[in-house]
1. Does any residue in region 91-106 that is over 24 Å from Ser123 (Cβ atoms) come within less than 6 Å, Cβ to Cβ, of a residue that is modelled with pLDDT of 95 or more six or more places away or on a different chain, and which pairs are these?
2. Among the residues of region 87-98, how many are crowded, with 17+ Cβ neighbours inside 10 Å and within 13 Å of the chain's Cα centre (by Cα)?
3. Hey, can you tell me all the residues within region 98-121 that are among the polar types (S, T, N, Q) and more than 15 Å from Val152 (Cα to Cα)?
4. So Met65 clears everything in (1) open to solvent by 60 Å² or more (accessible area, probe 1.4 Å); (2) aliphatic (A, V, I, L, M); (3) at pLDDT 85 or above except one condition, right? Which one?
5. State all residues of region 97-112 that are among the small types (Gly, Ala, Ser) and at pLDDT 90 or above; if no residue qualifies, say none.
6. Looking at Asp115, Asp87, Asp134, Asp143, can you tell me which residue is closer than 15 Å to Val30 by Cβ, of a type outside the set (A, V, I, L, M) and modelled with pLDDT under 95?
7. Collect the residues in region 40-54 that are out of contact with any His (no Cβ under 9 Å at 6 or more places or on another chain), hydrophobic (A, V, I, L, M, F, W, C) and assigned to a loop (DSSP other than H, G, I, E, B), keeping them in residue-number order.
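The values are calculated or read from the model by the stated rules, or taken from the named source; none is laboratory data. Note that the structure is a prediction, hence the values are computed from the model and not measured. Please note: Cβ atoms are built from the backbone with ideal geometry, for glycine as well, and neighbour counts cover all protein chains shown. Just so you know, the surface numbers come from the protein's heavy atoms only, side chains and all, with ligands and any DNA or RNA stripped out. Shrake-Rupley method; radii C 1.70, N 1.55, O 1.52, S 1.80 Å.
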Amino acid sequence: MMRFKVRERIVAIGNDSWIEDEAGERAFHVDGKVLGVRQTFELKDVDGAVLAVIRRKMLGIHNAMTVERDGRQAAVVRKHLINLPRDRFTVELAGGGEWAVSGNVFNKTYTIEGDAGPVAVISRKWVRVRDAYDVELPDDTPDVPLVLAVAVAVDTLAEGKGG
């Protein structure tokens, strides 16, 4: 399993985060931008190259975010309106297929499942740092930036951040 830790900067304009690998090295940067009524995050590599753009879906839908790769929509993350007792999301993949996300609002643990099995686990359970969470992925994950971008969208929608 690969494990990444997403750390949010407490004092920042927008919502900026560093994603560290298991060794504590910075692996990705999430650059949060507040653009009027839109909320956008850019997932960048350590050299600043944009790998994915995560944004609130337009038309006033606050329970959905899109993930774009190379200027094209790669996924739409939708929070189900009726969630009790568990949070539920659907990730519609542009290439076809869906991932189901379910989690517990109280312990902040979410599981992303695809047709072939587990995609990732998002958890604050083992994290002692305020405003941080882990994302665990299988070692054979083909598109780590896409999964991390979906994790950022799930965390944002689950926490009701921005919008």
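1. Listed by first residue and then by second, the contacts come to Ala94/Gln73; Ala94/Ala74.
2. Here the count works out to 2.
3. Asn104, Asn107
4. For Met65, the exception is condition (1).
5. Of everything in region 97-112, those that are among the small types (Gly, Ala, Ser) and at pLDDT 90 or above turn out to be Gly97, Ala100, Ser102.
6. Asp134
7. If the condition is that a residue be out of contact with any His (no Cβ under 9 Å at 6 or more places or on another chain), hydrophobic (A, V, I, L, M, F, W, C) and assigned to a loop (DSSP other than H, G, I, E, B), then Ala49 is the only one that fits.
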